[in-house]
Every structure is written in structure tokens, then in C-alpha cells.
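In what follows, a single structure is set out as C-alpha cells and then discussed.
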Amino acid sequence: MARCETYLVLTSEEVNARIPYALVCMTRFGAHWETGRRRRRWLEEFTEQERTAATRLFNQSHRWLLTTGVPDTVRMTIQTFALWMKLGEFCASI
């Protein structure tokens, strides 16, 4: 049986307003990322599946912020949107 996914389609303006990609990028590639405190919290708060998916989001945040900019439209699953929010909250707290 095929699995149906629900996708969100956001414009670049909506992405800029709702997705904390700049915060995620600056935190991930900044000095605070390589601390033991951050590592412990990362392992406690994120599942293995979320950590794997976050790797792609870190690369995407870097691309959007420093290379290409946000595309005109962005399509993502609700789970990906929720992970962006969780990453944003995590990055803001460290």
C-alpha cells in the first residue's frame, strides 16, 4: 500500500518568516557547536533519525544563507517543518 505524504509549499518570503535557517546555519557552523554541553543535549533531545535528517537541513541552511538564497518555492513534509522548528529552538537555547 502506498504511503501518502502531506507537503507544505512555502514561498521564499514565508520561508524567511517561518524557518529559522539563518539561526541554524550560524549556530551549526559557529564556535558554540563544538562544546561538550551541546553534544550532550544533542544526544538527549534528538533521535538518531532526527540527527540524520538534521545533517541535510544543516547543509540546506548553509546553502540558503551563504550560497544560493532561498528558492522561490520550497516544498517539505510536515515532519521536516517540525524538525526545522525543533532545530531553531535548540540552536536558540545554546
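Here, each number is a calculation from the coordinates, and none is a lab measurement. Fair warning: this is a prediction, and the values are worked out from it, not measured in the lab. Here Cβ is always computed from backbone atoms with ideal geometry, including for glycine, and neighbour counts include all displayed protein chains.
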Determine the calculated [θ] at 222 nm for the chain from helices alone, applying -39500 (n - 2.57) to every DSSP H run no shorter than 4 residues and normalising by the residue count; nearest 500 deg cm²/dmol.
-> -18000 deg cm²/dmol
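Note the per residue figure in Å³ for the convex hull of the C-alpha positions in the stretch 7-93. Each step should come with its number before you reach the end.
Values: hull volume 7.2 nm³, N = 87.
Given the Cα convex hull of the stretch 7-93, per-residue volume reads 82 Å³.
Per 0.36 nm of contour for each residue apart, how much would the distance between Asp72 and Arg18 grow if the chain were fully extended, relative to their Cα-Cα spacing?
Computed gain between Asp72 and Arg18 is 18.0 nm.
What percent does the relative contact order of the chain come to when contacts are Cα pairs within less than 8 Å and at least six residues apart? Please report the intermediate quantities before stating the final value.
Values: 72 pairs, mean separation 53.5, N = 94.
Relative contact order of the chain: 57 percent.
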Along the charge dipole of the chain, which of Ala22, Thr6, Met76 sits closest to the positive end, that is, farthest toward it, with unit charges on the beta carbon of Lys, Arg, Asp and Glu (+1, +1, -1, -1)?
-> Ala22
To the nearest 10 degrees, how steep is helix 78-93 against the longest Cα principal axis of the chain, on a 0 to 90 scale?
-> 30
